[in-house]
Amino acid sequence: MHNEHSDAHFQSRIDSGEHIEAKDYMPEGYRKHLIRQMSQHAHSEVIGMQPEGNWITRAPSLRAKQILLAKIQDEGGHGLYLYSAVETLGVSRAELIEQLQSGKAKYSSIFNYPALNWADIGAIGWLVDGAAIVNQVSLQRTSYGPYSRAMVRICKEESFHQRQGYEIMTTMMRGTKDQKAMAQDAMNRWWWPALMMFGPHDSDSPRSSDAVKWKIKRETNDELRQKFIDKTIPQAELIGLTIPDKNFKLDEKTGHYTLSPINWDEFHRVIAGHGPCNKQRLEHHIKYHEQGAWVREAAEAYKIKHSKKELQTV
Amino acid sequence: MTTKEATYNYVIRLGDNALILGHRLSELCSRGPILEEDLALTNIALDMIGRAQALLKYAAELEGKANTEDDIAYRRAEINYHNYLITEQPNGDFANVIARQLFISVYEYLFFSELENSKDETLSAIAKKAIKEVKYHKQHAIDWTLRLGDGTAESHKRLQKALNDLWMYTGELFEMDNIDTYLLHQHIAVDAMALKTKWQSEIDRILTEATLSVPEDTYMQTGSKKGIHTENLGHILSEMQYLQRAYPDAKW
Amino acid sequence: MATDTQLDLWEVFIQSKSGQPYIHSGSVHASDVKMAMQNARDIYTRRGEGTSIWVVPSIYISASDPDDSDMLFDPSKDKIYRHPTFYVMPEGAKNI
């Protein structure tokens, strides 16, 4: 008889392509990795509302404003789906928010960069969401059921995000001299941080191997990054944007683009809290979370009062 | 004044209400008291901006100068905006947002239920769509009014203050000027003054249920029909119009 | 430490078209049933995914124990006579 609570049995389920559900046996490391990765993912969606939110009130047309609002709303929704998926592992959203605000939990460093001109909204959609989608498509097949289901829904909804970003970039590259300059400026600032979104090289990524073994991650950081580079460079060239890297070239033999080395010092510096907006993003989150406390308390108080009333009338 | 000119002005007023309130609500994105409410408020903002787009597009047609709805939304001077003063008031706290939503959505539900019968087919169609949206906005506002009014002492106090503060901007909702009257006779416009009694009794009923007091009568602020605003509108426009004004030749 | 409330957890089931089954879509937080309903609408039907919604407090959902899977689900696997393909019909039989 096999032991259903053994790591070996768990691994055999993973290897045969089964999904793991909340109540199933899972090794502690698997649970911890999931909570860390999923909550980081959820926080990223929620913090990611801010850089784009910076431009809602300045969106240049009614159409642009509606699209941007709907997109940011989607991100909030995606954060919500992911928080719910983490909650299946017995961690409440209140705890997750506490971890974010205390700095114990991270979010994607990309959102510590500022959105400075309207083309940044294009660049965020095209490059940042584009990079996220490469990762998310892969995560639809992740081994944890609730995570996988959240990712399927997210991917379905995200499909318009990248296209709207590319549409903005295209419009601006076809526009006035000022607009072209804004688009190239946004490209210059977002290109490298977008590549960093996939995380350190596989050789430097300590947790990658477990995550791949458990099929939480289905492809490695470098594999995903390469996919993104290969599909994005032709898109940039099509609309006349310059890749901010003098050394990039297409390797005819492999069919892949090669680039200059990524500046990992910058990556680690931003993760350590020294990006342009780390402090601002977290303070914004804390401020509105605290300002909402009395509202949540009122809703709770109303519920308690009225559930008592209902009982009395029964 | 031709019917077309009068209708243009009337449509601009309705469009501006949706445009400016939608703008205010859009400012709340990522600032909700809980993630779910953030999404709910964004949905309301999207309904408003969508309605503004439909109305201003119609205004552009009536104007007949080859302007788009964006030209109208983004290129006018402050005095040519005719949104009710209540729509441009700052968001303040969540209680203030809810108080504003309550006053406006109860009004708009009555208003669009009448406008649906307008002889102007475009306005009637826009009203039909708006009623469905506003019915939801109203339910959302009423439910929160009950929760905050009958929630904690703090929420009760905050909401009561917000209702009292905004009360002076509610008089405008029922004003009729010569454009309104002219179009009312042609069965195009709504008799806003006639909505007052129903609005008042509905607000009374909701506030009483929420254990709140109906604000005392006060001097009612006015000005939007003449383009005289509070200081808030100028700041909204300086943000909203920024790109359109800074790069007048650009297409977005 | 003061404990923050993020309200109660609810499960959301959406019917995509009239006549179709209600399918679990995800969760929302809400303090009462009206709020749960509105939040479910605002979050899970933004793209016209639904015609009807069920919400239920998550505490009322019970899940079967994975350790009982053998007991619960294996015994039904060999009851092939419950499936129509088990039965041999004479050649030429129609509408059956």
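The values are calculated or read from the model by the stated rules, or taken from the named source; none is laboratory data. As the structure is a prediction and not an experimental result, all values here were calculated from the model. Note that each Cβ is placed from the backbone with ideal geometry, even for glycine, and that neighbours are counted across all protein chains shown.
A few remarks follow.
- Counted residues, segment A:275-292 - those being facing chain B (nearest Cβ under 8 Å) and surrounded by fewer than 20 Cβ atoms within 10 Å (Cβ to Cβ): 3
- Hey, A:Pro114 under 23 Å from A:Trp264 (Cα atoms) and in contact (Cβ under 8 Å) with a residue 24 or more places away in the chain or not: yes
- Flag for A:Ile67 being more than 14 Å from chain B (Cβ to nearest Cβ) and aliphatic (A, V, I, L, M): no
- Scanning segment A:65-80 for residues that are touching a residue at least 40 places away in the same chain (Cβ under 8 Å) and either surrounded by fewer than 24 Cβ atoms within 10 Å (Cβ to Cβ) or aliphatic (A, V, I, L, M) (or both) yields a count of 4.
- A:Ala115 assigned to a loop (DSSP other than H, G, I, E, B) and either charged (D, E, K, R) or at pLDDT 95 or above (or both): yes
- Residue, nearest to C:Ile14 (Cα to Cα), within segment C:38-96, restricted to residues that are more than 16 Å from the chain's Cα centre (by Cα) and polar (S, T, N, Q): C:Thr45
- In segment B:225-252, the residues that are facing another protein chain (nearest Cβ under 10 Å) and outside any helix (DSSP H, G or I) form Cβ pairs under 9 Å with partners that are surrounded by fewer than 17 Cβ atoms within 10 Å (Cβ to Cβ) and among the acidic types (Asp, Glu), at six or more places apart or across chains, as follows: B:Tyr247/A:Asp178; B:Asp249/A:Asp178; B:Ala250/A:Asp178.
- Tabulated pairs, segment C:45-70, first facing chain A (nearest Cβ under 9 Å) and closer than 13 Å to A:Glu21 by Cβ, second surrounded by fewer than 13 Cβ atoms within 10 Å (Cβ to Cβ) and among the aliphatic types (A, V, I, L, M), C-beta under 7 angstrom, 6+ apart or interchain: C:Ser64/C:Leu72
- For segment B:102-201, the helices (runs of 4 or more DSSP H) that sit wholly inside it and include 3 or more residues that are more than 14 Å from chain A (Cβ to nearest Cβ), at pLDDT 95 or above and within 25 Å of C:Ala36 (Cβ to Cβ) are B:121-149.
- Selected residue [in a loop (DSSP other than H, G, I, E, B), touching a residue at least 40 places away in the same chain (Cβ under 8 Å) and crowded, with 19+ Cβ neighbours inside 10 Å] from A:Ile262, A:Ile216, A:Ile243: A:Ile216
- Residues in segment A:198-237 that are farther than 25 Å from A:Pro146 by Cβ and either polar (S, T, N, Q) or in contact with a Gly (Cβ under 6 Å, 6 or more places away or on another chain) (or both): A:Ser203, A:Gln226, A:Thr232, A:Gln235.
- A:His268 vs. criteria of a type outside the set (Gly, Ala, Ser), surrounded by 13 or more Cβ atoms within 10 Å (Cβ to Cβ), within 12 Å of chain B (Cβ to nearest Cβ) and assigned to a helix (DSSP H, G or I): no
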